[in-house]
């Protein structure tokens, strides 16, 4: 049996597909929310990439093509329109994804992790705000009763940086190559369009499937944009 017997939801505060999976999961399956281990997935900056490499991990760079970017905008537009959800697209200028994702670790320790995720998605896709802007994260933290400085400067904390690297190593070990990504034992589900399969798997009480070959350490092609793959499994 693998170590991760608790089902995991790898989510990204950057990804529109991860946002939609979060909305669907919390709305349609609230009883499952507490059963999951929520793990942030983020593209490392230079410092995190260096620390990751020192631990034997690797997060290869892969830019999303302009054509794929246009497709994602169109695809998410279709999905949100069908679900009656309004979306305001943010503009990412020199993003550092440790800012919001390590901020999540602070919020989670304060018992406000889920509220923080919801607030970040609301800010990013509801208001079009830059969640890599520390002032945005400070405002989100303050709204949740979390110290503004602690949450917005989480990426400057060596301990939280180290925890972020441990998370990236889990990303490598679990073979995560896009988001949303769901893991239960050896069983993996990738993408918004696999959420129903994942929740059905959990409700069935099924044991983890037969082992699949584990990825080679430090050689997982995750892609910096986390957008390599099918629609609904990236973003």
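Filtering the range 62-101 to residues that are loosely packed, with under 15 Cβ neighbours inside 10 Å and within 17 Å of the chain's Cα centre (by Cα) leaves only 92.
Within the range 151-165, how many residues are in contact (Cβ under 8 Å) with a residue 12 or more places away in the chain, surrounded by fewer than 22 Cβ atoms within 10 Å (Cβ to Cβ) and assigned to a helix (DSSP H, G or I)? Lay out the reasoning, then the answer.
Residues of the range 151-165 that are in contact (Cβ under 8 Å) with a residue 12 or more places away in the chain, as a first pass: 151-155, 157, 160-165.
When the remaining residues are screened for being surrounded by fewer than 22 Cβ atoms within 10 Å (Cβ to Cβ), the result is 153, 157, 160-163, 165.
From what's left, assigned to a helix (DSSP H, G or I): 160-163, 165.
Counting residues in the range 151-165 that are in contact (Cβ under 8 Å) with a residue 12 or more places away in the chain, surrounded by fewer than 22 Cβ atoms within 10 Å (Cβ to Cβ) and assigned to a helix (DSSP H, G or I) gives 5.
Among 33, 91, which is the only one that is touching a helix residue (DSSP H, G or I) at 6+ places or on another chain (Cβ under 8 Å) and closer than 27 Å to residue 146 by Cβ? Going through 33, 91 in turn, just one is touching a helix residue (DSSP H, G or I) at 6+ places or on another chain (Cβ under 8 Å) and closer than 27 Å to residue 146 by Cβ: 33. In the set (1) buried (at least 17 other Cβ atoms within 10 Å of the Cβ); (2) closer than 22 Å to residue 193 by Cα; (3) touching a strand residue (DSSP E or B) at 6+ places or on another chain (Cβ under 8 Å), the condition left unmet by residue 104 is number (2).
Let's see how each residue does on (1) closer than 17 Å to residue 98 by Cα; (2) in a helix (DSSP H, G or I); (3) modelled with pLDDT of 95 or more; (4) in contact with a strand residue (DSSP E or B) (Cβ under 9 Å, 6 or more places away or on another chain):
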| position | (1), (2), (3), (4) |
| --- | --- |
| 115 | no, yes, yes, no |
| 118 | no, yes, yes, no |
| 121 | yes, yes, yes, no |
| 125 | no, yes, yes, no |
| 130 | yes, no, yes, no |
| 136 | yes, yes, yes, no |
| 139 | yes, yes, yes, no |
| 142 | no, yes, yes, no |
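When the range 120-132 is filtered for residues that are surrounded by fewer than 22 Cβ atoms within 10 Å (Cβ to Cβ) and touching a helix residue (DSSP H, G or I) at 6+ places or on another chain (Cβ under 8 Å), the ones remaining, listed by number, are 121, 129, 130.
For first residues located in the range 111-126 and free of Cβ contacts under 8 Å to residues at least 24 places away in the same chain and at negative phi, partners that are surrounded by fewer than 23 Cβ atoms within 10 Å (Cβ to Cβ) and assigned to a helix (DSSP H, G or I) and lie 6+ apart or on another chain with Cβ distances below 7 Å form the pairs 123/136. Considering (1) more than 20 Å from the chain's Cα centre (by Cα); (2) at pLDDT 95 or above; (3) crowded, with 16+ Cβ neighbours inside 10 Å, the lone condition that residue 208 does not fulfil carries the number (2).
Is it true that residue 83 is modelled with pLDDT of 95 or more and under 24 Å from residue 127 (Cβ atoms)?
The answer is no for residue 83.
Kindly establish whether residue 38 is touching a residue at least 12 places away in the same chain (Cβ under 8 Å), surrounded by fewer than 22 Cβ atoms within 10 Å (Cβ to Cβ) and within 20 Å of residue 161 (Cα to Cα). When the stated conditions are applied, residue 38 passes them.
Okay, residues lined up against (1) in contact with a strand residue (DSSP E or B) (Cβ under 7 Å, 6 or more places away or on another chain); (2) at pLDDT 95 or above; (3) not in a strand (DSSP E or B):
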{"residue": "178", "(1), (2), (3)": "yes, no, yes"}
{"residue": "182", "(1), (2), (3)": "yes, yes, no"}
{"residue": "189", "(1), (2), (3)": "yes, yes, no"}
{"residue": "196", "(1), (2), (3)": "no, yes, yes"}
{"residue": "203", "(1), (2), (3)": "no, no, yes"}
{"residue": "213", "(1), (2), (3)": "no, no, yes"}
{"residue": "216", "(1), (2), (3)": "no, no, yes"}
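The values are calculated or read from the model by the stated rules, or taken from the named source; none is laboratory data. If you're wondering where the values come from, they're calculated on a predicted model, not measured in any experiment. Cβ atoms come from the backbone with ideal geometry, glycine included; neighbour counts cover every protein chain shown.
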